[in-house]
Amino acid sequence: MAIVNGNYANLKESYLFADIANKVAAYAKANQDKKIIRMGIGDVTLPLAPVVVEAMAKAVAEMGVKETFRGYGPEQGYDFLREAIAAYYQSFGVSVDAKEIFVSDGAKSDCGNITDIFSNANTILIPDPVYPVYLDTNIMCGRKVIYMEGNPENGFLPMPPKDVKADIIYLCSPNNPTGAVYTKEQLEAWVAYAKANDSVILYDAAYESFVVDPTVPRSIFAIEGAKDCAIELCSMSKTAGFTGTRCGYTVVPLGLVRKNEDGVEMNLNKMWLRRQTTKFNGVPYITQRGAEAAFSPEGVKQCKEMVAYYLENARILVEAFNKLGFTFFGGVHSPYIWLQCPNGLGSWEFFDLLLEKFAIVGTPGVGFGKCGEGYFRLTGFGSHEDTIEAVNRLVEGFGK
Ligand SMILES: *Cc1c(COP(=O)(O)O)cnc(C)c1O
């Protein structure tokens, strides 16, 4: 008799994006003259950088010629890409060995797969609100999850709890959905907590290239001692427009060790290598050549221009909400603005108001966790034109 994983019954159904789509479709049908502006997108909209396209086209051509054709590649990624990523880290002052870098098809997969190398007996600490993948992947393993509350008092940047010893800690900075970023001092406190408790921090740096202040860490490994207690998940999705192209990387320090249930010390880099070589067969050569190009000096420049475009949209939103006197977080080192719904409205009430009155679509904050109730996520991933038009509608409507 086949027995299924009953933990799946403990997952909360998420109707967030389906509910949004239904409401928007109904509104569009009833208001065919109105131009709907979508400010809820968590996906990039600009095309791939020209150097990336060129490198991928060249790789496609190589695949069509016997002498340069490639079959299976190394599961952990080609050396040319791992070395390019290590050099990229070095460009902002962080030392990572190419052997610590594992190339993958994205941070979401790694986020789910990394649960393989940890015992299900671990207690997991997860911020609320946050990217929902951390919670659901751990529920699927039946693990005990403790939430740490994000709120206006802590700027949606929860700090280590005094009375809880968690084994695995998820941190996301710059944060999705709040746009909040941890300072160096705050991350030092997290590293100290992890070392004191022999915990491991899983640090999601998917938005690292949106950080504009050089004193704000772009990697957990900018913190002394982090190599003894952290794994970093990173993605080219938002930084290089790879949401549909699929490439990410995970950094597992060579010296990171923890004990198993019998007290025997094991090396996490070796475990992850074994996990990947057993269950994953690598990212396409063509994609890896595109990724390599994104990390070249010209590629970094072209990708920075895309990020700057999204950040300019975020700045336009920030300026408008300052003018309106609204309370919000993020929008500086992040494409996300986390707005406190005005007049004490709930997330969905504000969603309905924005849609009905302004034909603007955003994401109800409650979709990212209980503490997101009363908040709303707007993004800078749209066009300048749409962002400006949305802001004009809002300033005119709420400014009165
Ligand atoms: C978009 C995003 C990712 C990226 O996932 P990919 O699978 O690489 O596209 C990871 N973490 C967060 C917080 C994100 O918002």
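For Pro217, the shell of other residues with beta-carbons less than 12 Å away shows a net charge of -4, using +1 for Lys and Arg and -1 for Asp and Glu. Of the GluC sites (Glu not before Pro) found in region 9-67, those in coil by DSSP whose Cβ has at most 11 other Cβ atoms within 10 Å are Glu13, Glu67.
Taking 0.36 nm per intervening residue step and subtracting the Cα-Cα distance, what contour gain separates Glu83 from Arg70 on full extension?
On the way: separation 13, 0.36 × 13 = 4.68 nm, distance 1.93 nm.
That works out to 2.8 nm of additional length.
Can you pull out the trypsin sites (Lys or Arg not before Pro) in region 54-140 that DSSP calls coil and that have at most 16 other Cβ atoms within 10 Å? When the trypsin sites (Lys or Arg not before Pro) of region 54-140 are filtered for loop state and at most 16 Cβ neighbours within 10 Å, Lys66, Arg70 remain. Close Lys pairs in region 82-235 (alpha-carbon distance under 24 Å; sequence gap of 8 or more, or different chains): 17. Note on region 51-162: with charges restricted to the Cβ of Lys and Arg (+1) and Asp and Glu (-1), its dipole about the Cα centre is near 160 debye. A simple count of charges around Ser237, restricted to other residues whose Cβ falls under 13 Å of its Cβ and scoring Lys, Arg +1 and Asp, Glu -1, yields -2. Shown in residue order for region 319-330 are the 3J(HN,Hα) couplings computed by the Karplus curve 6.51 cos²θ - 1.76 cosθ + 1.60 at θ = phi - 60°: 4, 5, 6, 5, 4, 7, x, 7, 8, 8, 10, x Hz (x for Gly and Pro). A Gaussian network model of the chain, with springs between Cα atoms under 10 Å, assigns the largest mean-square fluctuation among Asn322, Asn113, Asn269 to Asn322. Highest mobility in the GNM of the chain, judged by mean-square fluctuation with C-alpha springs under 10 Å and restricted to Phe221, Phe321, Phe156, is found for Phe321.
Mean residue ellipticity at 222 nm, helices only, the chain: -12000 deg cm²/dmol; runs of at least 4 DSSP H residues each add -39,500 (n - 2.57), and the sum is divided by the number of residues. 3J(HN,Hα) along region 14-21: 10, 9, 3, 6, 5, 4, 4, 4 Hz, from the Karplus curve 6.51 cos²θ - 1.76 cosθ + 1.60 with θ = phi - 60°, whole Hz, x for Gly and Pro.
Taking amide H atoms as placed 1.01 Å from N in the peptide plane, the amide H of Val145 lies under 5 Å from those of Ile124, each 5 or more residues away in sequence or on another chain.
Going by Cα centres, region 24-97 and region 149-198 are how many Å apart? Cα centroid of region 24-97 versus Cα centroid of region 149-198: 29 Å apart. Lys-Lys pairs in region 238-376 that are eight or more residues apart or on separate chains and whose Cα atoms lie under 17 Å of each other come to 4. When the charge dipole of the chain is built from unit charges on Cβ atoms (+1 for Lys and Arg, -1 for Asp and Glu) and taken about the Cα centre, the candidate among Pro174, Ala2, Asn113 whose Cα reaches farthest toward its positive end is Ala2. On the beta carbon distance between Lys58 and Glu298, with R0 = 22 Å, the FRET formula returns roughly 0.95.
Under a point-charge model restricted to the Cβ atoms of Lys and Arg (+1) and Asp and Glu (-1), what is the dipole moment magnitude of the chain relative to its Cα centre, in debye to the nearest 20?
Working: 38 positive and 46 negative charges, 93 e Å.
So the magnitude is around 440 debye.
How would region 257-324 be classified by its alpha-carbon gyration tensor: rounded, prolate or oblate, with rounded meaning a/c under 1.5 and the a/b versus b/c comparison settling the rest? Mind showing how you got there, number by number?
Numbers: a/c = 3.98, a/b = 1.74, b/c = 2.28.
The shape class here is oblate.
Quick check: net charge around Glu356, other residues with Cβ under 12 Å of its Cβ, Lys/Arg +1 and Asp/Glu -1?
Value of the local net charge: +1.
Determine the gain in length on full extension of the stretch Tyr15-Asn322; use 0.36 nm per residue of separation and subtract their C-alpha separation, reporting nm with one decimal.
107.3 nm
Each residue of region 101-116 is assigned a 3J(HN,Hα), and the resulting list reads 9, 10, 7, 9, 8, x, 6, 5, 4, 4, 4, x, 6, 4, 4, 4 Hz, derived from the Karplus form 6.51 cos²θ - 1.76 cosθ + 1.60 (θ = phi - 60°), x at Gly and Pro. Mean-square fluctuations from a GNM of the chain, with a 10 angstrom spring cutoff on Cα atoms, peak among Gly93, Gly64, Gly331 at Gly64.
Quick one: work out the % antiparallel among DSSP beta bridges in the chain, nearest 5. Could you put the intermediate results ahead of the total?
Details: 21 of 40 bridges.
Rounded to the nearest five, the antiparallel share is 50 percent.
Expressed as a rounded percentage, what relative contact order does the chain have, with Cα pairs under 8 Å and six or more residues apart? Mind dumping the intermediate values first?
Numbers: 755 pairs, mean separation 91.8, N = 400.
Computed over the chain, the figure is 23 percent.
May I ask you to rank Met140, Met236 by accessible area, largest first, using a 1.4 Å probe over the protein chains only? Spell out each step's value before the answer.
Numbers: Met140 65, Met236 5 Å².
In descending accessible area the options line up as Met140, Met236.
Annotation: for a label point projected 7 angstrom from Cα along Cα→Cβ of Glu185, residues of region 135-173 with backbone N closer than 20 Å are 151-162, 173. Close amide-amide hydrogen proximity is noted between Ile169 and Leu125, Val200, Ile201, Leu202, each under 5 Å apart and 5 or more residues distant or on a separate chain (H modeled in the peptide plane; Pro and chain starts excluded). Between Leu353 and Lys29, the simple spin-label model (points 7 angstrom out along Cα→Cβ) gives 2.7 nm.
For region 294-339 and region 228-260, what is the separation of their C-alpha centers, rounded to whole Å? If we compute the Cα centre of each part, the gap is 23 Å.
The values are calculated or read from the model by the stated rules, or taken from the named source; none is laboratory data. Everything numeric in this text was worked out from a predicted model, so none of it was measured. Reconstructed Cβ throughout: ideal geometry from the backbone, glycine too, with neighbour counts over all protein chains shown. Quick note on the areas: whole protein, heavy atoms, side chains included, nothing else; ligands and nucleic acids left out. Shrake-Rupley method; radii C 1.70, N 1.55, O 1.52, S 1.80 Å.
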